[in-house]
1. Looking for whichever is out of contact with any Gly (no Cβ under 8 Å at 6 or more places or on another chain), modelled with pLDDT under 95, closer than 24 Å to GLY102 by Cβ and part of a loop (DSSP other than H, G, I, E, B) here; the options are GLU250, GLU266, GLU278. Which one fits?
2. Return the pairs, sorted by first residue and then second, in which the second residue is assigned to a strand (DSSP E or B) and of a type in the set (S, T, N, Q), the first residue lies in segment 226-251 and is over 20 Å from LEU199 (Cα atoms), the beta carbons are less than 6 Å apart, and the residues are 6+ apart or on different chains.
3. Any residue at all in segment 90-99 that's buried (at least 16 other Cβ atoms within 10 Å of the Cβ) and outside any strand (DSSP E or B)?
4. What is the one condition in (1) open to solvent by 60 Å² or more (accessible area, probe 1.4 Å); (2) not in a loop (DSSP other than H, G, I, E, B); (3) not aliphatic (A, V, I, L, M) that LYS172 does not satisfy?
5. Counting just the residues of segment 25-48 that are farther than 18 Å from GLN128 by Cα and among the hydroxyl-bearing types (Ser, Thr, Tyr), which one comes out modelled with the lowest pLDDT?
6. Quick one: in segment 102-132, which of the residues that are open to solvent by 50 Å² or more (accessible area, probe 1.4 Å) and touching a Gly at 6+ places or on another chain (Cβ under 8 Å) is nearest to ASP161 (Cα to Cα)?
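The values are calculated or read from the model by the stated rules, or taken from the named source; none is laboratory data. These numbers come from a predicted model, not from an experiment. Every residue, glycine as well, gets a Cβ built from its backbone with ideal geometry; the counts of neighbours run over all protein chains shown. Note: areas computed on protein heavy atoms with side chains; ligands, DNA, RNA excluded. Shrake-Rupley method; radii C 1.70, N 1.55, O 1.52, S 1.80 Å.
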Amino acid sequence: MIRSEFIFSSLVFALSCNYAYAEIVFDGRFSSGDFSGYRALEANGNVVSGISTPSGVPGRLERVQDPAGSANSVMRSTYIADDIATHSGYRSEASAFIDPVGSERWYSWGYYLPDTWKYVKVGSAIAQILNSPDKNESGFRNPTLALIVQDNKMKLINAFDHDAITSPSDIKSIAGIDYERRELTSWELETGRWTYLDLHVKWAADDTGSLEFWKDGVLLFQEHDHINTFNDKAGVWFKNGIYSWSPGTESISAYSTGVLIGDGKETFQSMSMSVVSEPSSYMMMMAGIAGIGFFASRRRFSPGSAGINT
């Protein structure tokens with residue numbers, strides 16, 4: 001007879017090995033929470049913490065029902081014409097925590113843009129990953145990573161610099177001179193539907209970095225052994241929402257699922273369902289049961305077992 005302890009341990013292994021080696025380090029999804037986990041909310045000239053304003057900023061950053069009709073809650077970020085600049089830009093954004101340069105992270109989120117985005121004339125970012133400049137360093141530069149809506153296209157832009165000081169604090173940094181800026185990938189603007197994005201990065205200010213990017217489960221960009229961020233001590237952080245570098249004449253909204261951030265692919269469940277093929281809990285449970293069957297058959301047919309002549 002198979003020992004009950006073996007069966008129990010096999011099932012525990014089967015159900016838990018999918019989750020043994022990594023963890024979700026930030027869950028900012030609005031289907032399961034509010035703004036309280038976000039470090040900062042910026043809109044219309046104001047900056048507040050998520051923990052102090054868990055319901056968001058009325059009219060600018062709000063938790064609402066999915067415009068596509070599902071039962072899930074999502075974030076709606078809204079820029080209204082004539083909004084006041086916040087940190088030298090026109091934005092309605094929610095910021096996650098800061099990750100150190102050198103960390104490896106998996107990011108997953110989705111966005112939904114109404115049809116009105118087809119007619120927006122001013123370029124805007126709907127997601128960013130930023131750095132804080134070091135002391136005596138200029139803060140006027142592109143973000144490390146930005147998802148930009150421009151000319152009816154979506155563009156993923158990356159900026160980086162090896163130098164500790166990109167430019168002095170009193171001099172504006174210039175792309176192509178003081179730091180590098182490149183377009184990693186792009187696709188046609190699609191409105192009225194959810195698009196799911198996944199990003200796997202090892203952040204590095206030298207040639208030890210790596211970056212992989214998927215749209216709806218399809219790999220669009222992959223790179224290893226390449227710099228991908230600025231040489232800053234404070235690290236990087238993810239921002240959700242609308243940001244424009246010049247004031248727009250139209251009021252506009254964008255929707256986001258909120259970001260899920262993990263430190264490894266073992267537990268990372270992409271919202272697009274196909275980032276990395278990982279065995280499901282069901283498959284692992286079946287593997288455990290198969291192992292039990294194999295163990296049982298060995299006991300039944302091995303020499304010396306009951307009913308077997310040797």
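1. From the options GLU250, GLU266, GLU278, the qualifying one is GLU266.
2. ASP232/ASN131; SER244/SER124
3. Looking through segment 90-99, none of the residues is buried (at least 16 other Cβ atoms within 10 Å of the Cβ) and outside any strand (DSSP E or B).
4. Result: LYS172 fails condition (2) only.
5. Once the filter is applied, the top-ranked residue is SER32.
6. This residue is GLU104.
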